[in-house]
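Data first, discussion second: the structure below is written as structure tokens.
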Amino acid sequence: MSYIRKNAKDGLVDIKVVGIGGGGINVLNTLIKMGLENADFIAMDTDAEKLASSLASKKILIGENIFGVDSNVEGPFIGEQAAKESYGDIAEAIRGADMVIILACMGGNTGTGAAPIVASCAREIGALTFSITAKPLSLEGTKRCNTADEGMDILKKQADVSIIVVNERVWSIIDDNATTNDVFVFANVAISQIVRSITNYTKPSDIINMDFACMRSMLKGTGRAIIGMGEAIGENAILTATKNAMEPFGGECMQDAGVILMNVMGNTPNLMDLREASEVVREAAYRKAEIICNVVEDKTMDDKVIVTLLATKFGDDID
Ligand SMILES: Nc1nc2c(ncn2[C@@H]2O[C@H](COP(=O)(O)OP(=O)(O)OP(=O)(O)O)[C@@H](O)[C@H]2O)c(=O)[nH]1
Ligand SMILES: [Mg+2]
């Protein structure tokens, strides 16, 4: 059965971006400041003060009644119970979404426990569900890191596509003297860029347009995903940007993906350049991989080209 878009009448994919817990709300604030067209922003937390700092138009205080009632509720179980208690409000906030993008930083109580519940709610309403999470720094302690790992394993089973940003790795690419706050700020910009790239796949195009129903069927339940982004200007900009986008994949990783989505954004993309770039991706990929390319013309971009590669469906899922 093919998927019928709920708001297909205006041609736009209904995108809801949900920030959960302190870190999730910080990431969402960064994204809102950077700007994202045609998306609704929803913030959720058990912490009313943190929630008040959110720039999202919709805010949900989850689990208002669980505190003080049951002293056995601790750790991520708090977030889980809170989201279960507020399930009706969560379902109402994401109602009608074609795509739900969940943002949470793992290792604490709220984001770790609530994100899988929000993801299962999103899948229940039939939305293509992404989770983008940040993993704690090792200096925050083994317990927090283990809590994050357990939470991410649970979340991976609920979201269709899961992307993990490792805060520690961010630290290794910025200044050694950076504070933890510098790391978080940098990571939040990176996560916001990932959200923007994902939503680019849904933009209509006159050149090559990946229909949302096709994107949805390719990505449903594919699991772990890796995203690479590259920019370039001038001659062969698409090819150069594509090679830059392939860098984070390193080694053999690209060969292990069963699905690769390529998105090219630029002012009047050159079709010869596009063909060459997509050939480079095809050569690097597993020979049976499903590869699909979406091209978005953006007249405001002068001669800059941005290429995003999303690789998913790794390992055992492919035969
Ligand atoms: N990238 C990034 N990571 C963050 C940020 N804030 C916190 N973190 C990470 O996320 C982990 C969880 O922190 P929070 O998001 O504040 O926790 P919470 O979900 O609000 O959970 P509780 O406050 O315990 O209920 C921390 O251990 C940090 O590693 C942020 O702004 N950006
Ligand atoms: Mg918190």
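The values are calculated or read from the model by the stated rules, or taken from the named source; none is laboratory data. Since we're looking at a predicted model, the values are computed, not measured. FYI the Cβ positions are ideal-geometry reconstructions off the backbone, even for glycines, and counts take in every protein chain you see. Note: accessible area is taken over every heavy atom of the protein model, side chains too, but ligands, DNA and RNA are not part of it. Shrake-Rupley method; radii C 1.70, N 1.55, O 1.52, S 1.80 Å.
Here Thr242 passes the criteria (1) more than 16 Å from ligand 1 (Cβ to nearest atom); (2) open to solvent by 20 Å² or more (accessible area, probe 1.4 Å); (3) assigned to a helix (DSSP H, G or I); (4) modelled with pLDDT of 90 or more except the one numbered (2).
If you check Val195 against the conditions, is it in contact (Cβ under 8 Å) with a residue 40 or more places away in the chain, crowded, with 18+ Cβ neighbours inside 10 Å and touching a helix residue (DSSP H, G or I) at 6+ places or on another chain (Cβ under 7 Å)? Judged against the criteria, Val195 is a match.
Screening Met152 with (1) free of Cβ contacts under 8 Å to residues at least 60 places away in the same chain; (2) open to solvent by 70 Å² or more (accessible area, probe 1.4 Å) gives one miss only, at (2). Of Gly107, Gly88, Gly113, all but one fail to be at positive phi and either away from ligand 1 (no atom under 16 Å from the Cβ) or buried (at least 24 other Cβ atoms within 10 Å of the Cβ) (or both); the exception is Gly107. With respect to the conditions (1) open to solvent by less than 10 Å² (accessible area, probe 1.4 Å); (2) away from ligand 2 (no atom under 14 Å from the Cβ), Arg95 lacks only one, and its number is (1). Of the candidates Asn188, Asn181, the single residue that is within 28 Å of Val307 (Cα to Cα), within 16 Å of ligand 2 (Cβ to nearest atom) and assigned to a helix (DSSP H, G or I) is Asn188.
Scanning the range 42-58 for residues that are open to solvent by 30 Å² or more (accessible area, probe 1.4 Å) and more than 14 Å from ligand 2 (Cβ to nearest atom) yields Leu55, Ser57, Lys58. Every test in (1) of a type outside the set (S, T, N, Q); (2) crowded, with 21+ Cβ neighbours inside 10 Å; (3) closer than 11 Å to Ile238 by Cα is passed by Leu310 save one, and that test is (3). If you go through the range 281-296 and keep only what is surrounded by fewer than 16 Cβ atoms within 10 Å (Cβ to Cβ) and either touching a Pro at 6+ places or on another chain (Cβ under 9 Å) or over 22 Å from Ser217 (Cα atoms) (or both), you end up with just Glu283. Residues in the range 106-147 that are under 17 Å from the mean Cα position of the chain (by Cα) and in a helix (DSSP H, G or I): Gly111, Thr112, Ala114, Ala115, Pro116, Ile117, Val118, Ala119, Ser120, Cys121, Ala122, Arg123.
Each row is one residue, and each column tells you yes or no for (1) farther than 30 Å from Gly75 by Cβ; (2) within 11 Å of ligand 1 (Cβ to nearest atom); (3) over 13 Å from the mean Cα position of the chain (by Cα).
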position: Asp149; (1), (2), (3): no, no, yes
position: Met152; (1), (2), (3): no, no, yes
position: Lys156; (1), (2), (3): no, no, no
position: Ala159; (1), (2), (3): no, no, no
position: Ile163; (1), (2), (3): no, no, no
position: Ile174; (1), (2), (3): yes, no, yes
position: Asn181; (1), (2), (3): no, yes, yes
position: Thr202; (1), (2), (3): yes, no, yes
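A count restricted to the range 246-298 and to residues that are part of a helix (DSSP H, G or I) and of a type in the set (Ser, Thr, Tyr) stands at 1.
Scanning the range 118-146 for residues that are out of contact with any strand residue (DSSP E or B) (no Cβ under 8 Å at 6 or more places or on another chain), open to solvent by less than 10 Å² (accessible area, probe 1.4 Å) and within 16 Å of ligand 1 (Cβ to nearest atom) yields one hit, Leu137. Taking the residues in the range 21-41 that are more than 12 Å from ligand 1 (Cβ to nearest atom) and outside any strand (DSSP E or B) as candidates, determine which candidate is most open to solvent (accessible area, probe 1.4 Å). Out of the qualifying residues, it is Lys33.
Taking residues in the range 251-268 that are open to solvent by less than 50 Å² (accessible area, probe 1.4 Å), and partners anywhere that are modelled with pLDDT under 80, the pairs with Cβ atoms closer than 7 Å and at least 6 places apart or on different chains are Gly258/Asp317; Gly258/Ile318.
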